[in-house]
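Undergrad: My structure is below; once you've seen it, I'll send some questions.
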Number of protein chains: 6
Amino acid sequence: MSDSVQLIPGNSLITETPEEGRALAIKMSRLIIKITQPDAAVRERLRPIYAEDAAMLIAIGQTVAIEFATIAAANNYWKK
Amino acid sequence: MSDSVQLIPGNSLITETPEEGRALAIKMSRLIIKITQPDAAVRERLRPIYAEDAAMLIAIGQTVAIEFATIAAANNYWKK
Amino acid sequence: MSDSVQLIPGNSLITETPEEGRALAIKMSRLIIKITQPDAAVRERLRPIYAEDAAMLIAIGQTVAIEFATIAAANNYWKK
Amino acid sequence: MSDSVQLIPGNSLITETPEEGRALAIKMSRLIIKITQPDAAVRERLRPIYAEDAAMLIAIGQTVAIEFATIAAANNYWKK
Amino acid sequence: MSDSVQLIPGNSLITETPEEGRALAIKMSRLIIKITQPDAAVRERLRPIYAEDAAMLIAIGQTVAIEFATIAAANNYWKK
Amino acid sequence: MSDSVQLIPGNSLITETPEEGRALAIKMSRLIIKITQPDAAVRERLRPIYAEDAAMLIAIGQTVAIEFATIAAANNYWKK
């Protein structure tokens, strides 16, 4: 594990809006891939593989959905 | 990440009805694919691949189910 | 997306019994496949593929389990 | 869908013990496969396929885990 | 289903510590495989297949994570 | 199961910050792989396989997301 990678930007799950919470979910899921594969050159090589593969795009969607569920709960679903 | 993509239409998880919540789950899951693969031409090429593949259709269903779980909780299951 | 597909029969997650909730979970998961692949002929062609494939049957089971979790929570687990 | 299949034995998620709740999770996950593939002969043919395939056994475990989460919550985790 | 398999050791989700809860999650996930494939010789044959396959090890991790979520909730996260 | 592996560092799900909670999720998911495949030489051999495979990296992300959901709930989402 590369200790220099920040895993949660801002070190908080709280966001102003659902939209920002969704963006955080995407970032958090990407940072797990970054810490697991710290070599940027390898990650760049893998990008077109998953971005042009329907099954992998769907799997990315599942991951973001799971991260977002946690963030949404943390923000009490942004209810006023 | 293309910053111009809106991730959550209306920037809210709150909907009037379960039906609208379900439609939002579908849209949110599609927008993750859109932001991951911003090239519309590639997405168009992938569409018949997943739409005619039983395993991928099932995986899409799982993704929508996870998104919907969050939306349903946000709306307190639309209980009166 | 075919706008003519109803995504949640009755537009409600509330059911009288767990058994009806389970049937709703099955229907909701099937309607996602229907809206993603609106061509009935294609869906008919895919049916024997997943119905005779052990891995896909298991994946369908996972999807229904996720949908049912939401429905069960919505009904407070049908506790009296 | 074969309407004659019962989806939840006893039409209840409530069980006396965690052990019975776990058995119910297994039964519920099997009944989804039964309703999706109503032909007993086909199911019998598929049985050795998944029972001797490590990946499918793991996937069955995931399905049961998801069903059990719902049953456990319904029973308030069998706390006294 | 082999009725002689115990599905939850001790017939309880309550453990003294998170560590014991984690061990229980592992045991519960293994017992589902045991009941689905009761033949010990087959299970022994499958062991090196999944233990040397990266994708299957990851899938086992997902299963344990789901089981653990339930156990952790049952124990109120071992908060004092 | 190798009894000498610690499954949860510190035997607690409570962390000071979301960042530490995320690191714990990663460690917990790795320790499941370690206990399932106790041979360090085999794990070292598998590392480049999953770290250079887009689908497996995504699957690792799903696992961490599920573990993190539990840890985040245990910490009440680190709300003050």
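The values are calculated or read from the model by the stated rules, or taken from the named source; none is laboratory data. All values reported here derive from a predicted model rather than from experimental measurement. All Cβ positions, glycine included, derive from the backbone under ideal geometry; neighbour counts span all protein chains shown. For accessibility, only protein heavy atoms count, side chains too; no ligands or nucleic acids. Shrake-Rupley method; radii C 1.70, N 1.55, O 1.52, S 1.80 Å.
Undergrad: Evaluate segment D:19-32: report whether one residue or more is in contact with a Leu (Cβ under 9 Å, 6 or more places away or on another chain) and more than 25 Å from E:ARG43 (Cβ to Cβ).
TA: Checked against the condition, which is being in contact with a Leu (Cβ under 9 Å, 6 or more places away or on another chain) and more than 25 Å from E:ARG43 (Cβ to Cβ), segment D:19-32 yields no hits at all.
Undergrad: Can you pull out every residue in segment A:3-62 that is of a type in the set (A, V, I, L, M) and farther than 26 Å from B:GLN62 by Cβ?
TA: Here is the first cut: in segment A:3-62, the residues of a type in the set (A, V, I, L, M) are A:5, A:7-8, A:13-14, A:23-26, A:28, A:31-33, A:35, A:40-42, A:46, A:49, A:51, A:54-60.
Those that are of a type in the set (A, V, I, L, M) and farther than 26 Å from B:GLN62 by Cβ: A:VAL5, A:ILE14, A:ALA40, A:ALA41, A:VAL42.
Undergrad: Here is a further query. Counting only residues that are in contact (Cβ under 8 Å) with a residue 60 or more places away in the chain and facing chain E (nearest Cβ under 9 Å), which one in segment D:14-29 is nearest to the chain's Cα centre (by Cα)?
TA: My answer is D:PRO18.
Undergrad: I'd like the full set of residues that are in contact with a Lys or Arg (Cβ under 9 Å, 6 or more places away or on another chain) and facing chain D (nearest Cβ under 8 Å), limited to segment C:35-56.
TA: Listed by number, the residues that qualify are C:GLU52, C:ALA54.
Undergrad: Please go through segment D:35-80 and pick out each residue that is within 17 Å of E:GLN37 (Cβ to Cβ) and either of a type in the set (Lys, Arg) or not in a helix (DSSP H, G or I) (or both).
TA: The answer is D:ARG43, D:ARG45, D:ARG47, D:GLU52, D:ASP53.
Undergrad: Restricting to segment B:3-29, name every residue that is of a type in the set (Gly, Ala, Ser) and part of a loop (DSSP other than H, G, I, E, B).
TA: Step one: filter segment B:3-29 for residues of a type in the set (Gly, Ala, Ser), giving B:4, B:10, B:12, B:21, B:23, B:25, B:29.
Matches in segment B:3-29: B:SER4, B:SER12.
Undergrad: Related question: Filter segment E:65-80 down to the residues that are of a type outside the set (A, V, I, L, M) and over 15 Å from F:SER12 (Cβ atoms), then identify the one that is surrounded by the fewest Cβ atoms within 10 Å (Cβ to Cβ).
TA: E:THR70
Undergrad: While we're looking at this one, here's another question. Does B:ILE49 fit the bill of being touching a Gly at 6+ places or on another chain (Cβ under 8 Å) and either open to solvent by 10 Å² or more (accessible area, probe 1.4 Å) or at pLDDT 95 or above (or both)?
TA: The answer is no for B:ILE49.
Undergrad: Identify, by number, the condition in (1) surrounded by fewer than 21 Cβ atoms within 10 Å (Cβ to Cβ); (2) more than 10 Å from chain B (Cβ to nearest Cβ); (3) in a helix (DSSP H, G or I) that A:ILE32 doesn't meet.
TA: (1)
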